[in-house]
Amino acid sequence: MERFRALPPDKQADLKRLAASKLWVPLPGPQYDAYHHGADVLGFGGAGGGSKTDLLLGLAITAQRHSLILRREGMQLRAMIDRSREILGTRGRFNEILGVWRGLPDGRQIEFGGVKDLNDIQKYRGRPHDYLGVDEADQFTEYQVRFLQAWVRTVIPGQRCRTVLCFNPPATAEGRWLLTFFAPWLDPKHTRPAVPGELRWYAMVDGKE
């Protein structure tokens with residue numbers, strides 16, 4: 001518990017509570033802040049490493065009830081599925097064919113999937129999830145992500161709904177929409193720049209945010 005000492009007392013208590021579950025605990029710093037952030041849609045970026053993957057899994061395992069975690073190609077999910085097995089151990093049952101964890105604590109369910117082709121998103125139409133986690137979101141189109149977000153909903157009282165987009169700096173034109181989507185946080189020349197973690201509210205007016 002040495003790493004907890006530098007945190008405020010309330011955060012120390014929260015991390016100890018999560019640690020007591022023996023499942024997953026967010027690392028102090030950006031990962032902890034992202035885990036507890038109040039945004040309905042959150043972007044979590046940075047260089048390659050396990051922090052983004054663990055955030056997506058940690059939320060699904062400890063905070064959400066019905067989760068959908070996506071990569072552009074389903075075969076790219078192997079490392080993430082293996083990591084989920086490390087965290088969950090003997091808890092629950094994983095269907096290798098469907099890519100779904102069932103029988104998890106508190107009735108949680110986690111589904112892994114891919115949307116390689118543009119229209120592959122249609123297989124998720126009408127299938128509500130309270131959590132959408134998109135890994136390597138810079139490999140998705142804006143249309144795909146916005147379509148999938150439309151099915152982030154729940155009928156469970158008190159269950160929070162959220163979308164988390166994890167990404168590296170876009171290396172192709174396909175992912176550059178993220179630079180506009182998160183412009184206040186990513187563009188230093190933005191007319192109203194936002195600091196990391198700042199919460200903002202958006203509305204769609206006449207087809208424009």
Completion exercise
Eigenvalues of the alpha-carbon gyration tensor of the chain, times 5 and square-rooted, give semi-axes in Å, largest first, of 26, 23, 16
Exercise for the section: Which order do the peptides 37-43, 64-70, 195-201 take when ranked by the mean count of other beta-carbon atoms within 10 Å per residue, highest first? Expected result: 64-70, 37-43, 195-201
Exercise for the section: For the range 105-142 and the range 153-185, compute the distance between their C-alpha centroids and round to whole Å. Expected result: 12 Å
Exercise for the section: Subtract the Cα-Cα distance of Glu86 and Arg160 from 0.36 nm times their separation in residues, and report this length gain in nm to one decimal. Expected result: 24.1 nm
Problem - Pair Leu98, Asn119: separation of 7 Å Cα→Cβ label points (nm) - result: 2.5 nm
Handout entry: Stretch gain in nm, segment Asp106-Val205, where the contour uses 0.36 nm per residue and the Cα spacing is subtracted
Key = 31.8 nm
Completion exercise
HN-Hα couplings for the range 29-40 via Karplus (6.51, -1.76, 1.60; θ = phi - 60°), in whole Hz with x for Gly/Pro, come out as x, x, 5, 5, 4, 5, 4, 9, 5, x, 5, 6
Completion exercise
As a percent rounded to 5, the proportion of antiparallel DSSP bridges among beta bridges in the chain is 25 percent
Handout entry: Relative packing of 110-117, 54-61, 134-141, 82-89, which averages over residues the other C-beta atoms within 10 Å, highest first
Key = 54-61, 134-141, 110-117, 82-89
Handout entry: Tyr202 accessible area, 1.4 Å probe, all protein chains in place, Å² to nearest 10
Key = 120 Å²
Practice task
Please find the FRET efficiency linking Ala183 to Met75, where r is the Cβ-Cβ separation and R0 is fixed at 25 Å, and quote it to the nearest 0.05.
Solution key: 0.20
Problem - Å² per residue, accessible surface of the chain at 1.4 Å - result: 55 Å²
Completion exercise
So, over other residues within a Cβ distance under 15 Å of Cys166, counting Lys, Arg +1 and Asp, Glu -1, the net charge is 0
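The values are calculated or read from the model by the stated rules, or taken from the named source; none is laboratory data. Just so it is clear, the model here is predicted, and its values are computed rather than measured. Methodologically, a virtual Cβ is constructed for each residue, glycine included, from the backbone with ideal geometry; neighbour enumeration extends over all protein chains shown. Areas reflect the complete protein model, heavy atoms only, side chains present, ligands, DNA and RNA absent. Shrake-Rupley method; radii C 1.70, N 1.55, O 1.52, S 1.80 Å.
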